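Colleague: Mind looking over this structure? Questions follow.
The values are calculated or read from the model by the stated rules, or taken from the named source; none is laboratory data. Just so we're clear, the structure is a prediction, and the values are computed from it rather than from any experiment. Glycine also receives a Cβ, built like all others from the backbone with ideal geometry; neighbour counts cover every protein chain displayed.
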Amino acid sequence: MIKIDHLSTSYSTIDGPVHVINDVDFEIFDNEIFGIAGESGCGKTTLLKALYDILEFPMIVDSGKLILSGEKNGKAFSYETGQIRKTWWNNISYVPQAAQSVLNPIVPLKNQFLDSIPKADKKRVPKVQTLKRVSDYLEELSLSPDLLNAYPFQLSGGMRQRVIIALATFMSPNVILADEPTTALDVVVQRGILMMLMRLQKKLKNTMVIVSHDMGVHYQIADRMGIMYSGSMIELGKTEDIFEKPIHPYTQMLVSALPRVGDKSQKTGIPGRPPALTNPPPGCRFAPRCPRATEECRETVPKLYEAEQGHFAACHFLNKE
Ligand SMILES: Nc1ncnc2c1ncn2[C@@H]1O[C@H](COP(=O)(O)OP(=O)(O)O)[C@@H](O)[C@H]1O
Ligand SMILES: [Mg+2]
């Protein structure tokens, strides 16, 4: 389980700090696919990096923390912000955005798999045995073990993404974080990657956190999801509830902008743009674009509020309806 405890982060820039994650507070459970959605620039990648403990300059944790806990092979573990990196690959792994570049193009894939094995295991287990395990694992994922002798530059984009996912999941981590895993790929390949992720989650019964700006991706694979807007989590709940009963005006607009089979109505999109993170409005970040905004919305930041069981939204209207 991952507990995100009132996390706020910023980027240090020459013009001063830019606050990108603002008091984000929620939990991601074992055995679920959790989706993080929101327009480009809202802070999805920043949040995922924080989850993976990539807290390097210029990113700064202003307040709050993360706790990654669970059980693997009968042993309980718990790591906080700053310690999570000790358990990379083993308890948590990460498929970064534009992951295509994480593979070294001139190193054969088998070496990249061997590099992912913890040092202790490397000493204990002979290389041939590990490679056998890797090739069995690839076969299980319907990938050819011959890939191990290939170089990344020889593979298509979709195949490379599959290999990266195989690499990230080989050690059966409790948590897998994937940032826009299908974004650069065409629709048919996308579908294959999503099926692969779903199958893996069913097998490992672990936690998968999938970041995508594409609501269609979440609709297909997420059990629960969170909607981010301008560095804040503004709605959180079961995916079906988000799509069928969106609460926040922003989520309502996001969902109604999606094309549906048989619906011929004109899709308009959401007028306006998110506020600049360097100079955000004082109240609700969405107020300047919100058709319902009142004085209160422009002045006070709304808190995430549980409207129905397990379905949260941050909107001043919720307390009144
Ligand atoms: N290294 C950085 N320095 C300064 N600002 C950054 C840095 N990385 C990201 N940002 C800013 O943080 C905001 C959120 O970025 P990001 O988390 O990548 O959003 P998303 O993944 O939702 O598109 C953007 O406005 C971006 O300009
Ligand atoms: Mg991103």
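Colleague: Quick one: how many residues across the stretch 139-154 are assigned to a loop (DSSP other than H, G, I, E, B) and at negative phi?
Modeller: Going through the stretch 139-154 one residue at a time, the tally reaches 5.
Colleague: Quick check on my filter: what residues within the stretch 227-250 are closer than 17 Å to Pro288 by Cβ, in contact (Cβ under 8 Å) with a residue 60 or more places away in the chain and part of a helix (DSSP H, G or I)?
Modeller: Listed by number, the list holds a single entry, Pro249.
Colleague: Just to be sure I understand, how many residues within the stretch 257-286 are modelled with pLDDT under 80 and either of a type in the set (Lys, Arg) or within 15 Å of ligand 1 (Cβ to nearest atom) (or both)?
Modeller: 3
Colleague: While we're on this one: Quick check on my filter: what residues within the stretch 41-63 are more than 9 Å from ligand 1 (Cβ to nearest atom), in contact with a Ser or Thr (Cβ under 8 Å, 6 or more places away or on another chain) and either of a type in the set (Lys, Arg) or closer than 28 Å to Ser172 by Cα (or both)?
Modeller: Of everything in the stretch 41-63, those that are more than 9 Å from ligand 1 (Cβ to nearest atom), in contact with a Ser or Thr (Cβ under 8 Å, 6 or more places away or on another chain) and either of a type in the set (Lys, Arg) or closer than 28 Å to Ser172 by Cα (or both) turn out to be Ala50, Asp53, Leu55.
Colleague: What's the number of the only condition in (1) more than 15 Å from Ile28 (Cα to Cα); (2) in contact with a Phe, Trp or Tyr (Cβ under 7 Å, 6 or more places away or on another chain); (3) within 16 Å of ligand 1 (Cβ to nearest atom) that Tyr219 fails to meet?
Modeller: Checking Tyr219 against (1) more than 15 Å from Ile28 (Cα to Cα); (2) in contact with a Phe, Trp or Tyr (Cβ under 7 Å, 6 or more places away or on another chain); (3) within 16 Å of ligand 1 (Cβ to nearest atom), the one that fails is (3).
Colleague: Contact list please: Cβ distance under 9 Å, first residue in the stretch 32-43 and away from ligand 2 (no atom under 11 Å from the Cβ), second residue of a type in the set (Asp, Glu), pairs at least six apart or on different chains.
Modeller: From the stretch 32-43, the pairs are Glu32/Asp223; Ile33/Asp223; Phe34/Asp223; Gly35/Asp223; Ala37/Asp214.
Colleague: Let me confirm something: among Asp136, Asp179, which residue is of a type in the set (Asp, Glu), out of contact with any Asp or Glu (no Cβ under 6 Å at 6 or more places or on another chain), at pLDDT 90 or above and under 19 Å from Gly35 (Cβ atoms)?
Modeller: Asp179
Colleague: State all residues of the stretch 138-188 that are among the acidic types (Asp, Glu) and either touching a strand residue (DSSP E or B) at 6+ places or on another chain (Cβ under 9 Å) or within 23 Å of Ile28 (Cα to Cα) (or both); if no residue qualifies, say none.
Modeller: Asp179, Glu180
Colleague: I'd like the full set of residues that are outside any strand (DSSP E or B), polar (S, T, N, Q) and within 14 Å of Leu177 (Cα to Cα), limited to the stretch 189-212.
Modeller: Listed by number, the residues that qualify are Gln201, Asn206, Ser212.
Colleague: Another question about this same structure. Of all residues in the stretch 16-64, which are surrounded by 14 or more Cβ atoms within 10 Å (Cβ to Cβ), of a type in the set (D, E, K, R) and within 14 Å of the chain's Cα centre (by Cα)?
Modeller: Once the filter is applied, which keeps residues that are surrounded by 14 or more Cβ atoms within 10 Å (Cβ to Cβ), of a type in the set (D, E, K, R) and within 14 Å of the chain's Cα centre (by Cα), the stretch 16-64 yields Glu32, Glu39, Lys44, Lys49, Asp53.
Colleague: Out of all the residues in the stretch 226-251, which are among the aliphatic types (A, V, I, L, M) and within 16 Å of ligand 2 (Cβ to nearest atom)?
Modeller: If the condition is that a residue be among the aliphatic types (A, V, I, L, M) and within 16 Å of ligand 2 (Cβ to nearest atom), then Ile227, Met228, Met233 are the ones that fit.
Colleague: For the stretch 1-15, how many residues are crowded, with 19+ Cβ neighbours inside 10 Å, β-branched (Val, Ile, Thr) and within 10 Å of ligand 1 (Cβ to nearest atom)?
Modeller: 1
Colleague: Determine whether Arg162 is among the basic types (Lys, Arg), away from ligand 1 (no atom under 16 Å from the Cβ), closer than 25 Å to Ile242 by Cβ and crowded, with 17+ Cβ neighbours inside 10 Å.
Modeller: So Arg162 fails the test.
Colleague: Continuing with this model, one more query. Any residue in the stretch 121-138 that's in a loop (DSSP other than H, G, I, E, B): show its pairings with residues that are surrounded by 11 or more Cβ atoms within 10 Å (Cβ to Cβ) and modelled with pLDDT under 85 at Cβ separation under 9 Å, as long as the two are six or more apart or on different chains.
Modeller: Final answer for the pair search is Val125/Ile117.
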